[in-house]
Amino acid sequence: MLPGGISLAVIAVVALLIFGPKKLPELGKAAGSTLREFKDATKGLADDDDDVKETKKDEKQQ
């Protein structure tokens, strides 16, 4: 196995060779927006789960 920094460099070089320098920024933006949407969705699910727990807790106290 390669150390972390070297493996990232190898991945970057391979991506550059496969996609070319013009496509890489587009791919980076697409990956970033996908990760942002995923993070927002998982945060929304966690918030919904917290709301359900609070509702059940309130019902038990009454």
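The values are calculated or read from the model by the stated rules, or taken from the named source; none is laboratory data. The structure presented is a predicted model; accordingly, all values stated were derived computationally and were not measured. Here Cβ is always computed from backbone atoms with ideal geometry, including for glycine, and neighbour counts include all displayed protein chains.
Quick check, is Leu35 at pLDDT 90 or above and part of a helix (DSSP H, G or I)? When the stated conditions are applied, Leu35 passes them.
Within region 6-13, identify whether any single residue is free of Cβ contacts under 8 Å to residues at least 12 places away in the same chain and either touching a Ser or Thr at 6+ places or on another chain (Cβ under 9 Å) or surrounded by fewer than 10 Cβ atoms within 10 Å (Cβ to Cβ) (or both), and answer yes or no. Looking through region 6-13, none of the residues is free of Cβ contacts under 8 Å to residues at least 12 places away in the same chain and either touching a Ser or Thr at 6+ places or on another chain (Cβ under 9 Å) or surrounded by fewer than 10 Cβ atoms within 10 Å (Cβ to Cβ) (or both).
Let's see how each residue does on (1) modelled with pLDDT under 80; (2) over 23 Å from the mean Cα position of the chain (by Cα); (3) of a type outside the set (Val, Ile, Thr):
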position: Ala15; (1), (2), (3): no, no, yes
position: Pro21; (1), (2), (3): no, yes, yes
position: Pro25; (1), (2), (3): no, no, yes
position: Gly28; (1), (2), (3): no, no, yes
position: Asp40; (1), (2), (3): no, no, yes
position: Gly44; (1), (2), (3): no, no, yes
position: Val52; (1), (2), (3): yes, yes, no
position: Lys56; (1), (2), (3): yes, yes, yes
